[in-house]
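These notes concern the structure reproduced below.
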Amino acid sequence: MSGFSRREFLGAGAALASGGAAAPEDWFDRPMRWAQLAFVEDDPVQYDPKFWIDYVRRVHADGVCISAGGCVAFYPTKIPLHYRSAWLKDSDPFGELVTAFRQMGLVVVARTDPHAAHQEVFDAHPDWIAVDAQGRHRRHWASPEMWVTCTLGPYSFELMTQVTREIVALYQVDGIFSNRWAGSGMCYCQHCQKNFRAASGMDLPRTSDPQDPARRSYIRWRQQRLFELWRLWDAEIRRLNARARFIPNTGGGALSELDMKAVGELAATLAADRQARRGLAPPWTNGKNVKEYRAVMGRKAIMGIFSVGVEEPYRWKDSVQSEPEIRLWVADGIANGFRPWFIKFSLTLYDHRWLRVVEDIYKWHHGAERYLRNEEPLARVGLVYSQQTAAFYGGERAREKVEDHILGMYQALIEARVPFEMVHDGLLDPQRLARYRLLILPNVAALSGQQCEQLRAWVRRGGNLLATHETSLYDEWGRRREDFGLADLFGARFNGRVEGPMRNSYLRLEKDPVTGGFHPVLKGLEDAGRIINGVWRVEAAAAGLYPNPPLTLIPSYPDLPMEKVYPRQPKTDIPGVFLREVGASRIVYFPWDIDRTFWEVLSVDHGMLLRNAIEWATNEEKPVTVTGPGVLDVTVWRQKESVTVHLVNLTNPMMMKGPLREPIPVGAQKVRLKLPAGLKAKKVQLLVAGGAPRTEEAGGYLTLTVPSIVYHEVVAVDV
Ligand SMILES: [Zn+2]
């Protein structure tokens, strides 16, 4: 539990434990394509409503999100401190669009943004403004005539509650989507000081070290406060319109701050706000986002917000991205279960190139809709992420110590073409895990005794496990244990030391003296003799009998001067991997940071070793095997009357850094799909290329060849 009271959400959790499918009268599961029209302040006098209404109709969007208020009101608000657009005069651009889209039968959600306020708010209530560690009120970093608000104080709890109520009462919208509602960093205002002291008896923390008791309490308190705000706004909205909900812009993976388990219990539907990739983000990042959300949302609808612009730190918000970049980003999101949601800031257009691209994507999506209403993923591998590990073990270094392990494992799974899901470490109960065959713990260092027990129970039920590095070596608060919490499963004990960063260290490949051959986890590496080691390693020894480990340590030796570069200890018996078979289960434990090093160095040997280890540990044929050249993201889904396989072509020289210049079609892919038990294929189609491929069906498997993939192909099998 990432610093949040379990009891607090037990009620909500029980109601949604069955996966949380929306009741039939709810709208949440209905919209498949969203359009977000985000006004800028001078839009009221210059935007063309007819153009946008027509565009939304053309792209078959069935949900819209329109800017209403908060920082700037785009309707004639009566609330004194609620700032109206200086261009509003007596118009109501928000209301105009709401009426038009209502008439078209669309779901209509209003956008608010509470993070910034104008001078008159400051003048009336200086205590509503965020305060920095030096006690100064915070001016807005990008619009210095404005002020940053304190989200945990009366600005949100009082003024924004009134705004929320007014919008729902006047327009009966289906929901309020609030952007930047969770604050803009640490606040030292009088309300935060007083409220935190009342809750914890402590002063606000001055350090970001999660082992500092005040910081630890603050991490919990801030979440409690935000969930309080969420419940307040949600209750006020529902009081005025029972069908409507608060939809916070929130959520993410290990590095996200609000406990995702609680988020998943509270939210009726969510939109993941990852607008495009930037820097060195791979294009599969969009698919990863949806997997992280689905881990806690289950069957509930998840929208993927994408912008059409360049998303680098310099924030060219009016820019337009290359067509291949938009297409690949959205394709990977759709393949992983997102319902696309485009956002356009400023309804006055400077660059029209994106319009046709989004229209094409949405029209295809509309035509293929019945194959995109996924009921469940058929993946058998679960990749665990842990917010408590990031918060309390990773702290300020969480990106490197936690997220980079996940990213390396993710890349290895993509390269191995293994369909997989992500699993939240707060949801390891038997019911949630039942669909899986293998759980992967990529340096999930901080696990409670109860979580360790859940994993033990998983193995007792025949589940397989692959873990790396410091997994379970810390408790849920990031305090180091004497030994691994999962020592008994790993068959390893901790020797008290972590070595690193290591240079010039290797792993020796050992034959099994009994069979005279190499273990299957070394497949493809038989001629190597040795491979490079990782950078950090936990000193771990076998807890019981572990003769002939297939990988053994060659300790670091000098890498300069060149005359001195020779191994001082060419052979040890220190295992580089622990492999066990316990009952029906297989367990793999790598004491070194194979996943993190793979992310940093992308060693082909490490990728191969991970693929082999995943394959050995899973110990069954994949639900779908795709053979052919290139790098593909492969996902497999069940719908009510069909099964689909998505293939996203990530093969591109620009894969690891955008934007893509051109798509590079990948050659023929042989697809071997396991049909769910007792089902027969009635009709098989390729939803992008069109047409019906030649298929063979034998032994419950369907095989076919996809001749080529530009961005994305979907094999749709009616059953
Ligand atoms: Zn504050």
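What follows draws every value from the coordinates through simple rules; no lab data is involved. Every value quoted in this text rests on a predicted model; they were computed, and no experiment measured them. Don't worry about glycine lacking a Cβ; one is built from the backbone with ideal geometry, like all the others, and counts go over all protein chains shown.
Normalised by residue count, segment 678-719 yields a Cα convex hull volume of 65 Å³ per residue. I want to make sure I understand the PRE zone here: with the label point 7 angstrom from the Cα of Gln569 toward its beta carbon, which residues in segment 517-540 have backbone N atoms less than 16 Å away? In segment 517-540, the label zone of Gln569 (backbone N under 16 Å from the point 7 Å along Cα→Cβ) covers 533-534, 536-540. Over the Cα atoms of segment 131-238, the radius of gyration divided by the Kirkwood radius equals 1.01; this is the Rg/Rh ratio. Per residue, the chain reaches -8000 deg cm²/dmol at 222 nm when only DSSP H runs of four or more residues are counted, each adding -39500 (n - 2.57). Applying both filters, DSSP loop and at most 15 other Cβ atoms within 10 Å, to the GluC sites (Glu not before Pro) of segment 370-428 gives Glu375. Summary value for the chain: 11 percent relative contact order, contacts being C-alpha pairs under 8 angstrom separated by 6+ residues. Within the same chain, lysines fewer than 8 places from Lys657 are excluded, and of the rest, those with a Cα less than 23 Å from its Cα are Lys288, Lys291, Lys317, Lys401. Loop only per DSSP, at most 10 neighbouring Cβ atoms within 10 Å: give me the chymotrypsin sites (Phe, Trp or Tyr not before Pro) in segment 350-393, ordered by residue number. Taking segment 350-393 and a limit of 10 other Cβ atoms within 10 Å, the loop chymotrypsin sites (Phe, Trp or Tyr not before Pro) found are Tyr350. Within a straight-line Cα-Cα reach of under 24 Å, Lys682 can be paired with the following lysines, leaving aside sequence neighbours fewer than 8 residues apart in one chain: Lys622, Lys640, Lys670, Lys674. Near Tyr506: Cβ cut-off under 13 Å, other residues only, Lys/Arg at +1 and Asp/Glu at -1. The net charge is +3. Projecting the Cα atoms of Tyr55, Leu522, Ala100 onto the dipole axis of the chain, where Lys and Arg carry +1 and Asp and Glu carry -1 at the beta carbon, places Leu522 farthest toward the positive end. Residues whose amide H falls under 5 Å from that of Ala467, counting only those 5 or more places apart or on a different chain, are Leu441, Val588, Tyr589, Phe590, with hydrogens built in the peptide plane. Take every pair of alpha-carbon atoms less than 8 Å apart whose residues are at least six positions apart; their mean separation over the length of segment 630-719 yields a relative contact order of 36 percent. Between 0 and 90 degrees, the angle of helix 604-618 with respect to the longest Cα principal axis of the chain falls at about 90 degrees.
Placing a label point 7 Å from the Cα of Leu240 along the Cα-to-Cβ direction, the residues of segment 85-99 whose backbone N falls under 18 Å from that point are 85, 92-99. Taking label points 7 Å from Cα along the Cα-to-Cβ direction, Arg278 and His60 give a separation of 3.3 nm. Taking segment 700-719 and a reference point 7 angstrom along Cα→Cβ of Ala668, the backbone N atoms nearer than 15 Å belong to 703-709. One way to sum up the overall shape of the chain is the equivalent ellipsoid from its Cα gyration tensor, whose semi-axes run 44, 32, 23 Å, largest first.
Taking amide H as placed 1.01 Å from N in the peptide plane, Leu551 has its amide H under 5 Å from the amide H of Glu510, Gly576, Val577, each at least 5 places away in sequence or on another chain.
In the chain, the longest principal axis of the Cα atoms and the axis of helix 353-367 are about 70 degrees apart. Computed from Cα atoms, the angle from the helix 213-240 axis to the main principal axis of the chain rounds to 50 degrees. In this structure, the amide hydrogen of Ser642, modeled 1.01 Å from its nitrogen in the peptide plane, lies closer than 5 angstrom to those of Val719, counting only residues at least 5 positions away or on a different chain. Taking each residue as 0.36 nm, the span from Asp429 to Arg30 lengthens on full extension beyond its C-alpha to C-alpha distance by 140.7 nm. Rg ratio for segment 505-637: its Cα radius of gyration over 2.2 N^0.38 Å, N being its residue count, equals 1.16. Only the Cβ atoms of Lys and Arg (+1) and of Asp and Glu (-1) were treated as charged; on that basis the dipole of the chain about its Cα centre amounts to roughly 1020 debye.
Name the chymotrypsin sites (Phe, Trp or Tyr not before Pro) in segment 120-229 that are in a loop by DSSP and that have at most 12 other C-beta atoms within 10 Å, would you? Sites meeting the loop and neighbour criteria: Trp141. Treating each Cα of segment 644-718 as one equal point scatterer and applying the Debye formula with no solvent, the log10 of I(q)/I(0) at q = 0.18, 0.20 Å⁻¹ comes out as -0.72, -0.83.
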